[in-house]
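Asks: Before I ask anything, let me first share the structure, which is written out below as structure tokens.
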Amino acid sequence: MSAVAVLAGGVGAARFLDGLVQVVAPQDVTAIVNVGDDMEWAGLHIAPDLDTVMYTLSGLVNPEMGWGVANDGRRVLDRLKSLGGPAWFTIGDDDLATHLYRTQRLREGAPLSTITAELCERVGIECRVTPVTDDRLRTVVQTPEGELAFQDYFVRRRAADPVHALRFDGAEAARPAPGLIEAVEQAEAIVIAPSNPFLSIDPLLAVPGVREAVTASDAPVVAISPIIGGAAVKGPAAEILDSLGHDVSALGVARLYDGLADVFILDEQDADLVGQIEAETSLRCTATQTLMSGPAEKRALAQAALAEASA
Ligand code: GDP
Ligand code: CA
């Protein structure tokens, strides 16, 4: 197996990628990362999913949280708070340097994909990490309280509002980042990482050309369930499945990926769903351990995904 393209959100995807680069040459891996969560904070461009992938693959990540920089300080945030600034979003002191660098380069006119490549290179990442688009794309969440900007919903209001619908502002006019469609076309396997299907994968597919490239590819498309035993490992995936009227299970996720993926990997805990998924969808389905609790589990899941792709 050589070239692999991965559709990626934040923590789940980053952990999967960390395993993948141990089992295939990193140079053959392209991570196509969600930017629907991006926002302006204190005048800076924050790209949470790109940062989660970058911090994880470089080993800088806070291992307990799965995002942010390990042992990071809070001096800037605390000071900002005492000044009455926007302290509801956690930005660590080391983390801040990433946002300063990114924002400065954007002001100079550099595209986000170029800046991401620069940052990744400087922290020693050998695989290719690209935002899905260099254009502005923002997830907007429709709730009983009205429309909320993504981080208002997710961080400020702690993902507590029922989600009626989602839209991806700017997606229609967004163009895939340079080289991204080629990476999908040349991939010998395409993996949909264990990410939130609504908040992380849908915004990628909303960029014109991305879904089409995945569908047109002859390469096997392997999706990994972010839902284990009816619950998300973290985040609001289960609540959103429920509030949008889907089955809160790996079956509910499999139905979403029917027609897009060829293979669906669910957790061994959910092995009893394999028969129903194969009967009801066009997916080939297989059960394995999908909880990536450490390096060995990450590698094993990456290996399982590649094995399914070449089966
Ligand atoms: P994030 O909220 O930006 O981290 O975005 P993601 O969509 O990538 O991550 C959240 C999703 O990843 C959740 O639905 C989790 O259930 C899933 N996830 C996180 N870690 C794991 C894991 O170890 N195994 C599996 N199967 N899913 C995971
Ligand atoms: Ca995210």
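Asks: Given springs between every Cα pair under 10 Å in a Gaussian network model of the chain, which of Glu297, Glu40, Glu185 has the largest fluctuation?
Replies: The residue with the greatest mean-square fluctuation here is Glu40.
Asks: OK, next. Go through the stretch 192-198 residue by residue and turn each phi into a ³J(HN,Hα) via Karplus (6.51, -1.76, 1.60, θ = phi - 60°); whole Hz please, and just put x for glycine and proline.
Replies: Computed from phi, the couplings for the stretch 192-198 are 9, 4, x, 10, 5, x, 7 Hz.
Asks: Which whole-Hz ³J(HN,Hα) couplings does the stretch 52-67 yield from phi under the Karplus relation 6.51 cos²θ - 1.76 cosθ + 1.60, θ = phi - 60°, glycine and proline marked x?
Replies: Residue by residue, the stretch 52-67 yields 4, 5, 5, 5, 5, 5, 8, x, 7, 5, 6, x, 5, 7, x, 8 Hz.
Asks: For Lys234, Lys298, which order do you get if you count the other beta carbons within 10 Å of each Cβ and list the fewest first? Mind dumping the intermediate values first?
Replies: Working: Lys234 14, Lys298 22.
Ascending number of Cβ neighbours within 10 Å: Lys234, Lys298.
Asks: Please find, in a Gaussian network model of the chain (springs between Cα atoms separated by less than 10 Å), the residue of Ser282, Ser82, Ser243 whose mean-square fluctuation is greatest.
Replies: Between Ser282, Ser82, Ser243, it is Ser82 that shows the largest mean-square fluctuation.
Asks: Fewest to most neighbouring Cβ within 10 Å: what's the order for Cys285, Cys120?
Replies: Details: Cys285 25, Cys120 21.
Lowest to highest Cβ neighbour count: Cys120, Cys285.
Asks: Starting with the highest mean, order 107-119, 193-205, 219-231 by the number of other Cβ atoms within 10 Å, averaged over the residues of each peptide.
Replies: Working: 107-119: 16.7, 193-205: 25.8, 219-231: 22.2.
The packing order, highest mean first, is 193-205, 219-231, 107-119.
Asks: Return the single residue from Gly209, Gly92, Gly275 with maximal mean-square fluctuation; model: Gaussian network over the chain, springs between Cα atoms under 10 Å.
Replies: Fluctuation is largest for Gly275.
Asks: Ordered by packing density, taken as the mean number of other Cβ atoms within 10 Å over each peptide's residues, highest first, how do 27-35, 303-311, 143-151, 54-62 rank? Intermediate values should be presented prior to the final figure.
Replies: Values: 27-35: 25.4, 303-311: 17.8, 143-151: 14.9, 54-62: 20.0.
Going from most to least packed, we get 27-35, 54-62, 303-311, 143-151.
Asks: Please list, by residue number, everything in the stretch 290-311 whose backbone N is under 14 Å from a paramagnetic label point 7 Å out along Cα→Cβ of Gln269.
Replies: The answer is 290-293.
Asks: Per residue of the stretch 72-89, what does 6.51 cos²θ - 1.76 cosθ + 1.60 with θ = phi - 60° give for ³J(HN,Hα)? Whole Hz please, x for Gly and Pro, Karplus curve as stated.
Replies: Karplus values, whole Hz, x for Gly and Pro: 6, x, 10, 5, 5, 4, 5, 5, 4, 4, 5, 8, x, x, x, 9, 6, 9.
Asks: Please arrange Ile46, Ile190 by how many other C-beta atoms lie within 10 Å of their C-beta, fewest to most. Please list the in-between numbers first.
Replies: Details: Ile46 20, Ile190 26.
The order, fewest Cβ neighbours first, is Ile46, Ile190.
Asks: Then there is this: To the nearest 500 deg cm²/dmol, what mean residue ellipticity at 222 nm is calculated for the chain from DSSP H runs of n ≥ 4 alone, each contributing -39,500 (n - 2.57), summed and divided by the residues?
Replies: Computed mean residue ellipticity for the chain: -10500 deg cm²/dmol.
Asks: Right, here's the next one. How many angstrom lie between the C-alpha centres of the stretch 228-284 and the stretch 119-138?
Replies: Result: 29 Å between the Cα centres.
Any read-out appearing in this document is the output of simple, stated calculations on the displayed coordinates, not a laboratory observation. Just so it is clear, the model here is predicted, and its values are computed rather than measured. Please note: Cβ atoms are built from the backbone with ideal geometry, for glycine as well, and neighbour counts cover all protein chains shown.
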